[in-house]
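The values are calculated or read from the model by the stated rules, or taken from the named source; none is laboratory data. Here the structure is a predicted model, which means the values were calculated and not measured. When we count neighbours, we look across all protein chains shown, and the Cβ atoms used for this are built from the backbone with ideal geometry, even at glycine. The protein model used for the area step is the full one, side chains on, heavy atoms only, and it has no ligands, DNA or RNA in it. Shrake-Rupley method; radii C 1.70, N 1.55, O 1.52, S 1.80 Å.
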Amino acid sequence: MKIGMMSFAHMHAYSYADALKKQGVDISAIFDDDSSRVVKLEREFGIQVDRTYEAFFSKEIDAVIVCSENSRHLEMVQYAARNKKHILCEKPLALSLNDCRTMINICKEHHVLLQTAFPVRFNSVIRNLKEQIDHGDLGDIIAFRTTNRGQNPGGWFIDPSKAGGGAVLDHTVHMVDIMRWFTGSEVKEVQAFVDTIYHESEIDDTGLLTFEFENGVIASHDASWSRYPDYPTWGDVTIEVIGTKKTVRADAFGEHLSVFHKNKSQNLTYDFVGQDMDYGLISDFIESVRNLRSPSITGEDGLRAVEAALMAYESAKKSETVRK
């Protein structure tokens, strides 16, 4: 199988490329029209980087992975679908529900797969919790408490025209997807506080959100870029599931070693030793393409997560609960 990488704007592109290499899958082409990245990419991957879509799609490619700025997901997915390439698209799927629907529809029209990149589903701790829920070990789910708190990524992530939203968009879609996956239910209402308090920026860096799902489950979510640069790890992804039989708390990045350094600016770091969830995501995408089966995480899943994040922004703007 031959995979093409579309843009290395998003840092996950390097992790996905590494996962492809570990699985013996060829990166046969790279598209990136940012001159500041091209030389580095050509040196690291040893192939010519295409700066036009025409050159990129002239190569032998079975599928593509889109890791561009959020604002360019739509155009890249459209180009890929029209060229009959299966697609794994970085989250958030798009910046509006109309754009999400356009992407889903064009992929259906051209009979190509569209998978949303939600690697947290492939975290071993999260998957174990999913199994417990499915087996009825927790009883009926009553509520969730979730967090996704990390460092400010800077760059285009804090440019509203390219990112479309800040921490709330960046860090809400992951956990909404997990809660939807755990319950099989959709978010029906959102109440949110959104602000910029940790950095001098025109984009949001913190949000406190509450959800109610169609099945009556309630949830809270702390989404922020609140971790300072010298924090021992990038951030966290946690979920507490309150059931009628038991309550279970999972930390997706909790499997780590605490490493103390002498005579270094950062005296303590957390070295993650758990399962590589990006590897799991890429493996799942490859198998979907090989077997031409529906992706385990669809474009519709991407749309529903974006929908919840956009409802949060609307709620904060109006200072009221927003209902579907």
- request: Summarise the accessible area of the chain (1.4 Å probe, protein heavy atoms) by the percent that is carbon and sulfur.
  value: 46 percent
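Which length gain, in nm to one decimal place, applies between E60 and K188 when the Cα-Cα distance is subtracted from 0.36 nm times their residue separation?
On the way: separation 128, 0.36 × 128 = 46.08 nm, distance 4.35 nm.
The span from E60 to K188 would gain 41.7 nm if fully extended.
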query: Which one of Q132, Q48, Q266 has the biggest mean-square fluctuation once the chain is modelled by GNM with Cα springs under 10 Å?
result: Q266
task: Please work out how much accessible surface F272 shows to a 1.4 Å probe, ignoring ligands, DNA and RNA, in Å² rounded to 10.
output: 90 Å²
message: Given a 10 angstrom Cα cut-off, can you work out which residue in N105, N152, N267 is the most mobile in a GNM of the chain?
response: N267
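Express as a percent, rounded to the nearest 5, the fraction of DSSP beta bridges in the chain (both residues included) that run antiparallel.
Beta bridges within the chain, antiparallel portion: roughly 55 percent.
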query: What does the charge dipole of the range 81-231 about its Cα centre add up to, to the nearest 20 debye, if the Cβ of each Lys and Arg holds +1 and the Cβ of each Asp and Glu holds -1?
result: 760 debye
- prompt: Using alpha carbons only, how many degrees (0 to 90, rounded to 10) separate the axis of helix 97-109 from the longest principal axis of the chain?
  reply: 50 degrees
- prompt: If you take the square roots of the eigenvalues of the alpha-carbon gyration tensor of the chain and sort them as a ≥ b ≥ c, do you get rounded (a/c under 1.5), prolate (a/b over b/c) or oblate?
  reply: rounded
Cα-based reach from K245 at 29 Å (exclusive), listing lysines while leaving out same-chain residues under 8 positions away: K130, K188
statement: The long-range amide H neighbours of D26, using H built 1.01 Å from N in the peptide plane and a cut-off of under 5 Å, are I3
message: Given axes a ≥ b ≥ c from the Cα gyration tensor, I'd like to know whether the range 226-324 is rounded (a/c under 1.5), prolate (a/b larger than b/c) or oblate.
response: oblate
- request: Report, ordered by chain and residue number, the aspartates and glutamates lying within cross-link reach of K84, taken as a straight Cα distance under 20 Å and ignoring same-chain residues fewer than 8 apart.
  value: D26, D32, D50, E54, E60, D62, E75, D99, E109, D284, E287, E300
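With every protein chain left in place, what is the accessible area per residue of the chain in square angstrom, probe 1.4 Å?
Result: 44 Å² of accessible area for each residue.
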- prompt: Taking Cα pairs under 8 Å and at least six residues apart, what relative contact order does the range 222-271 come out at, in percent?
  reply: 31 percent
